[in-house]
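A.B. asks: Take this structure, written in structure tokens, and hold onto it; I'll ask about it next.
What follows is calculated from the coordinates using simple rules that are stated; it is not laboratory data. What you see is a predicted model; the values in this text were computed from it and never measured. Cβ: placed from backbone, ideal geometry, glycine included. Neighbour counts: every protein chain shown.
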Amino acid sequence: MADNKKAKSPVESFGDMIKEFGEAVSKIFDDPELKSKAREFAKSTEDSAKTFGKRFKDEGVKEKFRDFREAASSFGSSVSDYFKNDREKDKDSSQKEYEWQRKLNEEMKNFSKKAEGKKEEPEQETDKKIEEAGDEIDDYFNKSRSGRIVGHSFVILWNIIILVFLNFYNSYIAYYYYDGQWHRYALLTEDFNQWLPFVSAAIGATIVGYFLLIIYDSYFFRQVIHIILNLFAMVSIISLLTIFPFDFTVFPRDLTGILNPIIITVLALAVFGVGIETIVRLIKVAGRGIRAGIGYRK
């Protein structure tokens, strides 16, 4: 059935996307001033994009972009040829690991069925379907290129929101009390400003790192990026432990004696967990490098 609505141009669609994103962020913080700024930013972006889009109609601009397209195509081909062997090896290795894991899972399921010695009940069939659906979703986001790009995009968007919140709206991290009108008592001390550069650097590195993974996504490069981001995260958490900009005396009952050790324990476990993950990734990268070296020598 034909669509009677007039199709929007890419520029108009881009402007709509910016507007929707601004509205979403403003609703999260429920701040009238932020809402107004978001609308102004969206309108300005749309107008600029329309003006920019009109320039593509000029023959001179079109000619230059045709030259650029040919140069980019040539460059892309050379880069593709350069990394072709590495990509093929990485793909073959990943495929072998996936096949080995799939066969192992099938063998374990068959062994489990034989050990039970009975047919699966309807509830077990339902659980099996749910488990298989979960495995398919996990495979999509972890083992397919398109799934990882979607996941990386969400990580980037979420980290942008956190970065804005921590730098401009951290006063909302507070204890709220209502006695006819709302009162807000900040849970963060002035020392929080000393920690901001550390966490901002870690979040900024995460945004850049995942953007690079969208562009180039080989196994080795992916592991190196995660190791670097883990180091940033460890520095951020350790600095938070050292500065510790929390004030729990604002509660009706002083909870410092309870919450302080809990938060310290959680942060220490986080550092330990990130450290273990970093070591595991280093071992994987080193192991793959050693296997590749042995293969090349053969």
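A.B. asks: Taking 0.36 nm per residue of sequence separation and subtracting the Cα-Cα distance, how much length would be gained by fully extending the chain between residue 238 and residue 207, in nm to one decimal?
C.D. replies: Contour length minus the Cα-Cα distance gives 9.1 nm.
A.B. asks: What are the ³J(HN,Hα) couplings of the range 216-233, residue after residue, when phi is run through the Karplus curve with 6.51, -1.76, 1.60 and θ = phi - 60°? Round to Hz, x for glycine and proline.
C.D. replies: Ordered by residue, 3J(HN,Hα) equals 9, 9, 6, 4, 4, 5, 4, 5, 5, 4, 5, 5, 4, 5, 4, 5, 4, 5 Hz.
A.B. asks: Calculated FRET efficiency, residue 256 and residue 177, Cβ-Cβ r, R0 22 Å, to nearest 0.05?
C.D. replies: 0.80
A.B. asks: Follow-up question, since we're still on this one. Calculate the FRET efficiency for residue 290 and residue 267 from the Cβ-Cβ distance with a Förster distance of 51 Å, rounded to the nearest 0.05.
C.D. replies: Given R0 = 51 Å and the Cβ-Cβ separation, E is 0.90.
A.B. asks: Under the rule of at least 5 residues apart or a separate chain, name every residue whose amide H is placed under 5 Å from the amide H of residue 246.
C.D. replies: Under 5 Å from the amide H of residue 246 lie the amide H atoms of 189, each far enough along the sequence or on another chain.
A.B. asks: How would you rank 283, 214, going from fewest to most other Cβ atoms within 10 Å of each one's own Cβ?
C.D. replies: In order of increasing Cβ crowding within 10 Å: 283, 214.
A.B. asks: 5 Å is the cut-off here: which amide hydrogens, built 1.01 Å from N in the peptide plane, fall below it relative to residue 218, excluding neighbours closer than 5 in sequence?
C.D. replies: Result for residue 218 returns nothing.
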